[in-house]
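Down below is the structure, laid out as structure tokens.
The values are calculated or read from the model by the stated rules, or taken from the named source; none is laboratory data. Quick caveat, the model's predicted, so the values are computed rather than measured. Cβ atoms come from the backbone with ideal geometry, glycine included; neighbour counts cover every protein chain shown.
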């Protein structure tokens, strides 16, 4: 075999391996706050704990609140933007970011709000079933 062919095959294998490695690291699954502590970037799904302290600080320019993940862990979340308009109506939150010093620093936040197309009696049944 010619040396150029060997180098070419090696380069293709190397770059394909690097591509697959980076792709695997970019895929994120939902985790709880405990698992998020061991990762550089995480997606945590949960609900807003409205009984705990929350608000936007003009000094730090951060919106902070407490969130309960699906396993019942409650952590403070800081978000570098003002509070989204439909934050209080959200039935579920997804925060994307990293855990630092037991505080989740969210770079993005997604909210799942009740659909205006749902039957109101269905929503009432869902709310009473969760209680």
Scope the range 61-80; condition loosely packed, with under 14 Cβ neighbours inside 10 Å and either over 26 Å from residue 34 (Cβ atoms) or touching a helix residue (DSSP H, G or I) at 6+ places or on another chain (Cβ under 7 Å) (or both); matching residues: 61
Subset of the range 1-43 [assigned to a helix (DSSP H, G or I), at pLDDT 85 or above and either within 13 Å of the chain's Cα centre (by Cα) or under 30 Å from residue 103 (Cβ atoms) (or both)]: 33, 34, 35, 36
From 118, 127, grab the single residue that is at pLDDT below 95, over 21 Å from the mean Cα position of the chain (by Cα), part of a loop (DSSP other than H, G, I, E, B) and over 13 Å from residue 63 (Cα atoms). 118
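Does residue 93 qualify as being buried (at least 17 other Cβ atoms within 10 Å of the Cβ), out of contact with any helix residue (DSSP H, G or I) (no Cβ under 9 Å at 6 or more places or on another chain) and modelled with pLDDT under 95?
Spelling it out, residue 93 is indeed buried (at least 17 other Cβ atoms within 10 Å of the Cβ), out of contact with any helix residue (DSSP H, G or I) (no Cβ under 9 Å at 6 or more places or on another chain) and modelled with pLDDT under 95.
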Could you please let me know if residue 88 is touching a helix residue (DSSP H, G or I) at 6+ places or on another chain (Cβ under 9 Å) and surrounded by fewer than 17 Cβ atoms within 10 Å (Cβ to Cβ)? no
